[in-house]
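A.B. asks: Attaching a single structure in structure tokens format; questions to follow.
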Amino acid sequence: MKATIIDGKAIAGNLRNEIKLAVENLKKQGIVPGLGVVLVGDDPASLSYVTAKEKACEENGIYSREIRKPASLQEKELLGIIQSLNEDPAIHGILVQLPLPKHIREEKIIEAISPEKDVDGFHPASLGRMMTGQDTFLPCTPNGVLQILKSIGASPAGRHVTIVGRSNIVGKPLANMLLAKGEWGDATVTVCHSRTPDLAEYTRRADILIAAVGQAQLITPEMVKPGAVVIDVGVNRVPDSTKKSGFRLVGDVDFHGVQEIAAAITPVPGGVGPLTITMLLYNTVQSAQRVGEQAQ
Ligand code: NDP
């Protein structure tokens, strides 16, 4: 039997309806949630992510302010921009689109963002709070994966989850979230990476397999346990002369092959991507709500 295709857009749509309601309630208190989006350079993928995030803000009643700077921007200037956004009461969330040009130290910029406005959840303070089970902004993509599991009723509790990829923005935080105590944690988690010998040995043991690598077709059907839930975080551009852009987007999983084996699978596009943006909106609204609570 073919796997169920998980409709990330529909899951995101339901969450966005809740977000819209929360935004309306905030507006009644005179608060408009605001997101500051900083884009340095002209990387086409980054530009398309930023455009999608701003469009989503607009559609959901969130104010977004784009600050676009050339790749020649100096680190000191960027730190100045972050500082002014930190101090701006109209801004509840700050997003610096990654990657940054090589001469700017990403960790220095992330650390400059006020943890109260760290809606990407990348600040060491946010990550530390997450790891120790304290209330914080959860990183958007891992949280999006969790929302997908919740919406399809695939609890990780007591199951074996294999995550392929150990980045600071996807693999590592996701592993921590799934390890946390509680109904939507309690998993036994294996994290694989480029130095893992015999990747298939670990992926085949997964009840829930999550690929966050950035390599098209890395996960083939033989690497998947029959009946597994497969979440494909990867986004890869592959040449396609039938497309106006000259490329199409695919994930890390051989979608058609794995669809024959798995119980459920996310497509690319239309799987994790819409949830990532939605969780960014969610965090921005949450930040604005905290400001509202403090004012009461
Ligand atoms: P990184 O490049 O930071 O990390 C990739 C990880 O994959 C690394 O841990 C790397 O190992 C591992 N890896 C690379 N090759 C292999 C291999 N052959 N076998 C096993 N592991 C391997 O990427 P990100 O985490 O930032 O992103 C991963 C993917 O997810 C990308 O395609 C990205 O575009 C996509 N993405 C999608 C989002 C969405 O909203 N849908 C949001 C964020 C990312 P090592 O650590 O040893 O180098």
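The values are calculated or read from the model by the stated rules, or taken from the named source; none is laboratory data. Computed from a predicted structure; not experimentally measured. Ideal geometry is used to build each Cβ from the backbone, glycine not excepted, and the neighbour counts take in all protein chains shown.
A.B. asks: Return the pairs, sorted by first residue and then second, in which the second residue is more than 13 Å from the ligand (Cβ to nearest atom) and assigned to a loop (DSSP other than H, G, I, E, B), the first residue lies in the stretch 228-252 and is over 18 Å from residue 202 (Cα atoms), the beta carbons are less than 6 Å apart, and the residues are 6+ apart or on different chains.
C.D. replies: Final answer for the pair search is 247/240; 248/240.
A.B. asks: Condition (residue is surrounded by fewer than 23 Cβ atoms within 10 Å (Cβ to Cβ), within 16 Å of the ligand (Cβ to nearest atom) and in contact (Cβ under 8 Å) with a residue 24 or more places away in the chain) applied to the stretch 178-190: is it met by at least one residue?
C.D. replies: Yes, that holds for at least one residue.
A.B. asks: Run down 133, 128 and say which single residue is in a helix (DSSP H, G or I), outside the structural domain of residue 248 (by TED's automatic domain parsing) and away from the ligand (no atom under 12 Å from the Cβ).
C.D. replies: Being in a helix (DSSP H, G or I), outside the structural domain of residue 248 (by TED's automatic domain parsing) and away from the ligand (no atom under 12 Å from the Cβ) holds for just one of 133, 128, which is 128.
A.B. asks: Taking residue 149 and the conditions (1) under 21 Å from residue 267 (Cα atoms); (2) touching a strand residue (DSSP E or B) at 6+ places or on another chain (Cβ under 6 Å); (3) among the hydrophobic types (A, V, I, L, M, F, W, C), which numbered condition does it fall short on, given that it satisfies the others?
C.D. replies: Condition (2) is where residue 149 drops out.
A.B. asks: Then there is this: Of the residues that make up the stretch 50-65, is at least one among the acidic types (Asp, Glu), outside any helix (DSSP H, G or I) and on the phi < 0 side of the Ramachandran plot?
C.D. replies: The answer is no; no qualifying residue exists.
Per-residue answers, yes or no, for (1) surrounded by 23 or more Cβ atoms within 10 Å (Cβ to Cβ); (2) within 30 Å of residue 57 (Cβ to Cβ); (3) among the small types (Gly, Ala, Ser); (4) within 14 Å of the ligand (Cβ to nearest atom):
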residue	(1), (2), (3), (4)
166	no, no, no, yes
194	no, no, yes, yes
249	no, yes, no, yes
256	no, no, no, no
261	no, no, no, no
266	yes, yes, no, yes
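A.B. asks: For residue 245, state whether it is modelled with pLDDT under 95, hydroxyl-bearing (Ser, Thr, Tyr), in a loop (DSSP other than H, G, I, E, B) and more than 14 Å from the ligand (Cβ to nearest atom).
C.D. replies: Criteria met by residue 245.
A.B. asks: With the condition kept exactly as written, say whether any residue in the stretch 274-292 is of a type outside the set (Phe, Trp, Tyr), more than 16 Å from the ligand (Cβ to nearest atom), modelled with pLDDT of 95 or more and not in a helix (DSSP H, G or I).
C.D. replies: The answer is no; no qualifying residue exists.
A.B. asks: Could you list, in sequence order, all residues of the stretch 196-206 that are more than 9 Å from the ligand (Cβ to nearest atom) and crowded, with 16+ Cβ neighbours inside 10 Å?
C.D. replies: Residues satisfying the conditions are 202, 203, 204, 206.
A.B. asks: Looking at the stretch 85-106, is at least one residue among the charged types (D, E, K, R) and either within 18 Å of the chain's Cα centre (by Cα) or surrounded by 17 or more Cβ atoms within 10 Å (Cβ to Cβ) (or both)?
C.D. replies: The answer is yes; a qualifying residue exists.
A.B. asks: Something else about it: Among the residues of the stretch 224-233, are any more than 16 Å from the ligand (Cβ to nearest atom), among the basic types (Lys, Arg), over 20 Å from residue 165 (Cα atoms) and over 20 Å from the mean Cα position of the chain (by Cα)? Quick ask: steps written out before the conclusion?
C.D. replies: Initial filter on the stretch 224-233 (more than 16 Å from the ligand (Cβ to nearest atom)): 225-229.
Subsequent filtering for residues that are among the basic types (Lys, Arg) retains 225.
Right, trim to over 20 Å from residue 165 (Cα atoms) and you get none.
No; the residues of the stretch 224-233 include none that is more than 16 Å from the ligand (Cβ to nearest atom), among the basic types (Lys, Arg), over 20 Å from residue 165 (Cα atoms) and over 20 Å from the mean Cα position of the chain (by Cα).
A.B. asks: From the list 244, 225, which residue is over 21 Å from residue 139 (Cβ atoms) and surrounded by fewer than 14 Cβ atoms within 10 Å (Cβ to Cβ)?
C.D. replies: Every option except 244 fails the conditions.
A.B. asks: Taking only pairs six or more apart or across chains, which ones have beta-carbon atoms under 9 Å, a first residue in the stretch 97-122 that is in contact (Cβ under 8 Å) with a residue 60 or more places away in the chain, and a second residue that is part of a loop (DSSP other than H, G, I, E, B) and among the polar types (S, T, N, Q)?
C.D. replies: Note: pairs meeting the criteria are 101/72; 104/74; 121/136.
A.B. asks: Please verify whether the stretch 140-153 includes one or more residues that are assigned to a loop (DSSP other than H, G, I, E, B) and more than 15 Å from the ligand (Cβ to nearest atom).
C.D. replies: Yes, there is a match, as at least one residue in the stretch 140-153 is assigned to a loop (DSSP other than H, G, I, E, B) and more than 15 Å from the ligand (Cβ to nearest atom).
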